[in-house]
Each structure stands twice: as C-alpha cells, then as structure tokens.
Amino acid sequence: MALIIKRSLAGLALLLILVALFLAFWEPWFAQPIAGAEPEKRDYQVEIYRDEFGVPHIFGKTDADVSYGIAWAHSEDDFSTLQDVAAMTRGRLGAINGAEGAQVDYVAHLLKVRKTVADKYDELPDDVQALLDGYAAGMNHYAETHADEVALTGLFPINGRDVAAGFALRSPFFYGLNRTLEPLVAGTELRADGGPALNVPKAPSGDTEAAEANDKLAQAKPESTPRMMTPLGRYPELNGSNAFAITPERSSDNVTRLVSNTHQPWEGPVAWYELVVHSEEGWDFAGATFPGSPFPFLGHNKNLGWTNTVNRPDLIDVYELTVNDSGTQYKLDGEWRDLESNTIWLPVKYGPFTIPYPQTTYRSAHGPVIKNDKGYFAVRYASIDDLTMLTQYYRLQKAQNFDDWQAAMAIQGVPSTNFIYADKEGNIGMFYNARFPDRKAGVNWRSIVPGDRSDLIWQQPVNWNQVPRLVNPASGYVMNANNTPYTIAGPGDELQREDFSPLLGIEENWTNRGARAIALFEAEGKIGRAELERIKYDTGYEQDKYPKLWMDALLAVDVGDDVDLQTAQALLAGWDWNLDGKGSGDALALMLMNTGLFNAPLGRSLIDTLDAKEELQKTVDHLNTHFGSIDPPMSDVLRLRHGDVDLPYIGGSDALRAATRWRVEDDGRLAIVHGDSFLMFVEWDAQGNVSSQSIRPFGAATTRPKSPHYNDQAPLFVQQKLKPVLFTRDALEAAGFESYRPQ
C-alpha cells in the first residue's frame, strides 16, 4: 500500500505481532459496524427461473420480494464478490484482501461513508428502504444457509444501511475521485485541474490562468503518481461504454433501437450481472446490475429503456486550507474552526493474521481533508454526503413513459454518467447527466481553490434544466462513446458549446470510438439491424488525433540497420487501420495502439511523453520471443481466457469492439480482462412490441467453475452473436424452464 501504509508490514515489531495474534479472534471489534438492526425476518414471496444460460428471472409479490430474490440469485452465482462488496462497506475489505483491500477501507473512512448513511438513510422513502432491506435479507439468508462459503467472521448479518453505503462509497470513483486523491495522498504534484477527470477541460474564454494550467496538465504523465486501489479496481478511468439509439424514421424497418455496449472489468465489484425482474407492484425490467445493488442499472421494460456511458465532467474541487501551527484548526471567514480528526484502525490481512493498522483522517466544512508535505487540502465532490441516487435509480425502474422517466431524472441523485434513452413511441435522447456543482462565478475552479471562504463551499447542484441533453435530433440517432457531448448526433444536430456555462466543466475529450461511430452513422443511409451490428462490432481506427500522432511517432523512429525494427515499421506503414485480425501487422498494431491509448486517456495527447523507439522495441521483442514472428496472426495473440476456455478475439483499445485491458500470460498471450462486457440490443417494432437480445463474456456464474454457466456464453461472445432475452413467465415456461424458491 504505497499510498497509505507507508512502512512495510514485514518490519512490524514483535509486540504488534502478538497483538495481531490476539486480534485475529477479535477483528470485528475494531471494525466499525454500521448502526441498524438486521432486517426484519419475514417470508419473502420469491420464485426464480433460470433460462438456458442460467440468467435469473426473478418473480415476487412485492418489489422488496424481488430485491430479496436478486440477492439470493446473485449469491448463488458470485457470493465471493458480494462478500467483498459487503466488507468494503464496513471498512473490512483489508481483512479479506490484505493491503490492497485496506486502501479501499481507508477511502471509506476518509469519505465518512458510514456517517453519510447514518445522517441520510432515514430520509429515503419507505419503499426504497424496504428494497434495500429485502436485498440485505436475501444475502443474509444465503450466508446463513451456506456458512462454509462465508469468508469473514462477523460480516453477516448485513442490513439496508450496508447496501446504501456501497453506493455512497463507489459512485464518486466513476467520475474520477481517485485521480484527485492519488496525488494528494502521495504528496506529489496535484494535477492542474484538481485531478477530477482524465481530460483537459476547455478554459473559459479569456481565462489565461486556466489556459496555462491546461497546458501544464497536457504535459503531465498519467502514471507520475502511484495508483491506489479503489472500490472500482485500480483503473476505474477505463470503465467506459458505447451506446446507440435509433429512431424508427432513421431505421430501414420502422423499428426503434437501443444498443447498450458497456465496457467494464469482466470480474470483480463492478462486473455486470444480468437479470430479469418482475413484481406484482409493476416492476418489470430486463438488464444488468453490479454486485451489491438491489436493482438493475440499465436495460428496458415493455415501454422504454436506457443505457449508460461513463462521463467525467469537472465534479470535484480541491481547497487549500490555512491551518494553525498545531494542525488542529483551519481558518474560515476570518475565524478559526476546529479541524475534525479521527484515528481509525484498518484491518489488514497478513498471512494468517489480521493486523490493525492505525491511520488518521481529517474533515473540514468542505469535506474530507488530506494532509501531506505541502499542507492540508480539502476535497468536495458531486455526490458528497448524499444518498439520493438510490431513490432516482429505483424511480427510473418504475417509469412507464418518457414523462415518468424524465421526472425521475430530475431527482438529480445519480452524480454522473450519460443516459441514452429510447422508447416504444420512437423517442430517443442523450442526457449528459451529472450533479454539476452550483459554483460561484469569478473563480478558477480548475485550479486549487482558497479554503478560507465559506461562499466557495457549494451546496447544491445546478438546476436540472441546465443539464445538457439532446432529444429526437433530425439525424435520427444519438450515440456516445465516452466522448464530449458536443459530438453525439452528427454535423448540424449537435449541442453547442456557447449554450452552456464553463462552470459546468463539460469535458472536451475525443475518443476513437466516438469519432468512428459518427463517421459510420453519417456514411449510412437507413440503419437497420444489420447496419447497426456492423457499426457496433467495428474494429477500425480513425486516422486522427492520438492514433495518428502515435503512429507518426513510431514511423519517425530512426531504427538504423536493425532489421526487425525496419520490418515492424514497414508493417505499421502498410497497416489498414483495422484490428479485424485479417490484415498484416494487426498483432503489432494491437499492442502499440494499447500503449498509445493509455498515454492519451480519453483523447488527451500525451504521446510526446513516450519513447517511441523503446515501445516499438519492447513490442517487437515480445512478439518474437513468444510467437517467433513480428507478424503472428492476431487471433493467436489476443484471447478470451477463463478457466479451461481459451478463444480468439478481435478488437482493440478504443475500438468499438473493445478490448481495453489485458493481462500478459506466461505464454505471451494477451488475456482480456476489460472491454466489451455486457451487450444488449433492444427493439420496439411498429406496433410497440419489445424484444431484446444480450450477451456477456463468460457466463452467469463467473466465479463458479463447476457451474455449467461458468463460461457458456463465451463462444457466442467471441463470434459476435447474441442470445434471446425471455421477458415473460409464459416465454420461460413455454421453453420448459421451471421455477424454484430460495431454501
């Protein structure tokens, strides 16, 4: 834990080891539980069907019954990950995963997640609390009846407050809180924009200071600060997506279409889990969720649907505090205030022991405070001390028309992520959703803000009417691929920069996926299912921005008389800019484009920070060593590997058919761990009837090797095929599937 635990655990004194031996039996004592009783035990009325691919279809009398069933079904398929999520909400992940888990526990304490729940949980509507308690009860029942699978003594029972805490902990990392915390905790140079996102925000007109800060930011290496483990994993900025919606007028068959194409890790706390839910209270929804959630986050009901793509506007501000010599008070509006200080104990698994590791957290009126060698810095972020997102997500689930859905969006609880919408009436839209802070004008919010003025501590988001959106454009489509909202519908139909305040911090980033999608949509006439599939599975690159800059740098390298490097340059010069696995040089370009992407995150040009010759040499050496050729078939190099399954894959980093990150295996193969993760094609025909198809990389039971659904979707996934979503009980029973109840 380079960022938090600053000295080696191996060097702890004998006394500490003896204390650890004692506390190994009493670890729950120093972990802070969340106040609140175990959910009331009652008879939840749940039936679960499993379809051909093991996807759970959950039926309940009430929504709370369904939520109980979600937790039970997900536990059957991936209880180990659900336990990790439960442990992180209680500050006990380090007791399971050691030092890396303790980093997440530190963040939970720093953000005061438990206090947020204590202060705000009772404000949640009764039906939302019932949903959370139902989910907790389902996990508790599974833990009670499968005690041999429980990894941590005293973790269960959990309650609805624990479930809510998971939302408060994880949500700010989707829009980049880690990129602010990392340099602050490490004491390294803070990014010029405060580190809220992986993009260079456009400086307001005439703002010389911000423009200079942006220039400085453009020269900063993304890896100049050690990476911390977050509730979303070590690289949450890679979480992205593609999304498309097409009007019936633009389609070739009068069909409204919505494509959800998320890019998440294939395993872990933010890996998708597919499900279909039905209750007698009117909750009918097919989609996908994350471990620890009592409802799907995206998908469709009979009348409408939506999907999400990650966005990263400027939602985080950093304040420099004026602190007294003793470090106990800070100045605000000319008066000294006490700086809140708390000693916490992080449980860290070390071999057979759980060792308590002390840390101190600080808090001011602004939010969490980090002390480093440069001073005291407070952080304020869009979802700070807020649980409203739970209500909004639930209300979205029950929306039956566009008006209902927009009313749920206006709750403004979800702190970030774009929403791409479609419905049976033919409406489509792209909403650049965020809880944009209502900031005071006249301040350079893209730099460190003075911490001695209370009028700079914003309290509320801007009015919902100020949030950018584009509904039913003349082009007949909307799309987003983690690119700026100013390019989402094609020339002549785009949002205009001058219509939005620079205080919103709207991102200006470019992605190859976004540029490629616009180019393909604009090149098509009518867009039917076949055309839309070609766009979604496209593996090409636009010869623009960072791909071209990086390729130019590679081709400009002076390789002298090195025959291998000469051959590599010739392959790159003749490359067809497409990672379809059919052309020469695809494997070489695959690996080098991945390097270019990681040094130009979301389109920011940092190519000049790379040594092009060094990267070219490393890639050539890797291919020669493991494949005996600089130009092996890409299908030999890029693989879907999980258990005994080992299949070829096409696509690449920042391609519409995404393979964003991989692990390098001992045999040199690249085993994908992040990329296209949950795909769903939704269609409403001319009569308003809904149908959908979906796919995941592995299967429904991703962490259960003995399950027939551990890997059963993988062959379809690599062949770019989908499976049907059975949306009714009648369809399930007609196919011969039977229900069961949690026992």
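The values are calculated or read from the model by the stated rules, or taken from the named source; none is laboratory data. Note that the structure is predicted; figures quoted are calculated from it, not measured. Neighbour counts run over all protein chains shown; Cβ positions are idealised from the backbone, glycine included. Protein only, heavy atoms only, side chains kept; ligands, DNA and RNA dropped before computing areas. Shrake-Rupley method; radii C 1.70, N 1.55, O 1.52, S 1.80 Å.
Data for the structure
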{"quantity": "Residue count, segment 701-716 (criterion: open to solvent by less than 20 Å² (accessible area, probe 1.4 Å) and either within 26 Å of Leu532 (Cα to Cα) or β-branched (Val, Ile, Thr) (or both))", "calculated": "3"}
{"quantity": "Scope segment 326-380; condition of a type in the set (A, V, I, L, M, F, W, C), in contact (Cβ under 8 Å) with a residue 60 or more places away in the chain and assigned to a strand (DSSP E or B); matching residues", "calculated": "Leu332, Ile344, Trp345, Leu346, Val348, Phe353, Ile355, Ile370, Phe377, Ala378, Val379"}
{"quantity": "Inter-residue pairs, beta-carbon under 6 Å, first polar (S, T, N, Q) and in segment 545-572, second modelled with pLDDT of 95 or more, 6+ apart", "calculated": "Gln566/Val559; Thr567/Ile630; Gln569/Leu555"}
{"quantity": "Filtered residues of segment 364-400 (kept if of a type outside the set (Gly, Ala, Ser), open to solvent by 30 Å² or more (accessible area, probe 1.4 Å) and farther than 23 Å from Asn433 by Cα)", "calculated": "Lys371, Asp373, Lys374, Tyr376"}
{"quantity": "Test for Ala220: is it at negative phi, aliphatic (A, V, I, L, M) and modelled with pLDDT under 70", "calculated": "yes"}
{"quantity": "Selection status of Gln719, free of Cβ contacts under 8 Å to residues at least 12 places away in the same chain and either buried (at least 23 other Cβ atoms within 10 Å of the Cβ) or under 25 Å from Asp423 (Cα atoms) (or both)", "calculated": "no"}
{"quantity": "Strands (runs of 3 or more DSSP E) within segment 606-720 that include 1 or more residues of a type in the set (Phe, Trp, Tyr)", "calculated": "659-664, 670-684"}
{"quantity": "Matching entry among Thr256, Thr309 (being under 23 Å from Asp538 (Cβ atoms), polar (S, T, N, Q) and touching a Pro at 6+ places or on another chain (Cβ under 8 Å))", "calculated": "Thr256"}
{"quantity": "The one condition in (1) within 18 Å of Arg114 (Cα to Cα); (2) open to solvent by 50 Å² or more (accessible area, probe 1.4 Å) that Trp336 fails to fulfil", "calculated": "(1)"}
{"quantity": "Criterion: open to solvent by less than 10 Å² (accessible area, probe 1.4 Å), in contact (Cβ under 8 Å) with a residue 12 or more places away in the chain and touching a strand residue (DSSP E or B) at 6+ places or on another chain (Cβ under 6 Å) - qualifying residue of Leu456, Leu470", "calculated": "Leu456"}
{"quantity": "Output for segment 572-599, where each listed residue is farther than 21 Å from Thr511 by Cβ, part of a helix (DSSP H, G or I) and open to solvent by 30 Å² or more (accessible area, probe 1.4 Å)", "calculated": "Ala573"}
{"quantity": "Count of residues meeting criterion [surrounded by 19 or more Cβ atoms within 10 Å (Cβ to Cβ) and under 25 Å from the mean Cα position of the chain (by Cα)] in segment 526-541", "calculated": "6"}
{"quantity": "Segment 665-690: number of residues that are aliphatic (A, V, I, L, M), open to solvent by less than 40 Å² (accessible area, probe 1.4 Å) and closer than 16 Å to His642 by Cβ", "calculated": "3"}
{"quantity": "Any hit, segment 52-63, residues being modelled with pLDDT of 95 or more and assigned to a helix (DSSP H, G or I)", "calculated": "yes"}
{"quantity": "Restricting segment 722-743 to residues that are among the aliphatic types (A, V, I, L, M) and open to solvent by less than 80 Å² (accessible area, probe 1.4 Å), the residue that is farthest from the chain's Cα centre (by Cα)", "calculated": "Ala735"}
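One line per residue, one yes/no per condition, for (1) buried (at least 19 other Cβ atoms within 10 Å of the Cβ); (2) in contact (Cβ under 8 Å) with a residue 60 or more places away in the chain; (3) not in a loop (DSSP other than H, G, I, E, B):
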| position | (1), (2), (3) |
| --- | --- |
| Asn465 | no, no, yes |
| Ser475 | yes, yes, no |
| Val478 | yes, yes, yes |
| Thr484 | yes, no, no |
| Ile488 | yes, no, no |
| Glu498 | no, no, yes |
| Leu503 | yes, yes, yes |
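For (1) touching a residue at least 24 places away in the same chain (Cβ under 8 Å); (2) assigned to a loop (DSSP other than H, G, I, E, B); (3) of a type in the set (Gly, Ala, Ser), each residue gets a yes or a no:
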site: Ile411; (1), (2), (3): no, yes, no
site: Ile420; (1), (2), (3): yes, no, no
site: Met430; (1), (2), (3): yes, no, no
site: Trp445; (1), (2), (3): yes, yes, no
